[in-house]
Amino acid sequence: AALRSVFQDDFLIGVALGSRVVGGRQAEAETLAARQFSSLTPENEMKWQALHPAPGRYHFEAADAFVAFARRHQMQLVGHALVWHSQTPAWVFQDKDGQALGRDALLARMREHIHTVVGRYRGKVKGWDVVNEALSDGGPDLLRDSPWRRIIGDDYLDHAFRYAREADPQAELYYNDYGLEDPRKRENCLKLLRGLRERGIPVDGVGTQSHFHLHHPPLPEVEKTITALAGLGLKVMVTELDVDVLPSRGDPGIADINRREKAEPALDPYPGPLPDPIQEVLARRYAGLFQVYLRHRDAITRVTFWGLDDGRTWLNHFPIRGRTNHPLLFDRALKPKPAFHAILALKGSS
Ligand code: G3I
């Protein structure tokens, strides 16, 4: 059975792909992605660095291939991401002499980028991650420190959403962030989104990335986040789902997921196939998550996996390059794992 048809009355089921698959160089992976998924997100190819690496120079080839792929396979295309502190070249924030740009100049640059990119894909991209990861991970401030905020001020988000709406009035506009299951960050996210709405900023949906672990965050926190975001009247999307199976410090039930990035480098505990007992834990974890998603199918419009298979996941390179992670539904041979069957079983399918 195929996820995209089994869940078609519930939500879109998406996948993030890179340009090797989308560029047609990996036929087997393309076939699997097309059969299973109804939504497509470019993992890197629509980021500022990829599209607009130097002043006045745009590279659209890789991104255009996603438009063609999505059309060919009847997938909805998600644009990721317009304004982010990461994967944005340093020149964006500097003038010709390498001095920091002023507020008006940076706003003009942001507007030009958004109009060029969103304008080009008008009618082809269903929705955009307009601002990605603006919230701080703790600390007194709502927003994280970034050149966008330092130069423009806290209203940089307002402008980004307005520019995107101007450039394509039909596209859905999203705020996207991670770690929203942490109660403090969840509250901050609600505060941010309420503020945007009160100021009349055009935001249609919110993405909770959902880079999870086997035992963290707990399902009740996952559900609280979805309920709270849906309560704002926004479309809710699970935008970057994966489940890191490698042991992390304090596991299970680590107190603060943000601390994990500073955890001791674990070695490579499962360099071969994932042992059966862990496969089962992973399957139960995914089934638990999808039970929550199905309970909220009225609010959730899309669930996107951040990668197709265990051979194609950023988690093989983060936080340490070259580890063997197993976070997705398909293994390195593109075979469905027990987690895949566990999700289908919730719908009485196999
Ligand atoms: O393309 C180069 C390649 O030419 C070079 O040989 C190689 C060696 O380092 O690097 C390649 O670039 C890498 C790129 O992924 C493509 O694979 C970058 O180093 C690497 O930093 C980049 O990582 C991406 C990461 O965002 C960047 O922050 C991941 O693929 C991508 O999955 C990840 O996605 C983010 C979302 O956009 C936002 N939310 C979190 C999520 C996971 O970090």
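Values in this text are rule-based calculations from the coordinates and carry no lab data. Nothing here was measured: the structure is a model prediction, and the numbers come from that model. Cβ sites come from the backbone with ideal geometry, for glycine too, and all protein chains shown count toward neighbours.
For the chain, a simple Cβ point-charge model (Lys and Arg +1, Asp and Glu -1, everything else neutral) yields a dipole of about 540 debye relative to the Cα centre.
Which peptide among 136-149, 170-183 comes first, and what is the full order, when sorted by highest mean count of other Cβ atoms within 10 Å? Each step should come with its number before you reach the end.
Values: 136-149: 15.3, 170-183: 21.4.
Ranking the peptides 136-149, 170-183 by packing returns 170-183, 136-149.
How far is the Cα center of the range 147-186 from the Cα center of the range 264-309, in Å? Comparing the Cα centres of the range 147-186 and the range 264-309, I get a distance of 27 Å. Identify, among TYR178, LEU192, HIS211, the residue whose Cα sits farthest towards the positive end of the charge dipole of the range 156-211, taking +1 on the Cβ of Lys and Arg and -1 on the Cβ of Asp and Glu, with the dipole about the Cα centre. The one lying farthest along the dipole's positive direction is LEU192. Modelled spin-label separation between HIS85 and LEU267, with each label point placed 7 Å from Cα along the Cα-to-Cβ direction: 3.5 nm. Using the rule -39500 (n - 2.57) for each DSSP H run of four or more residues, divided by the residues of the chain, the 222 nm mean residue ellipticity is -11000 deg cm²/dmol.
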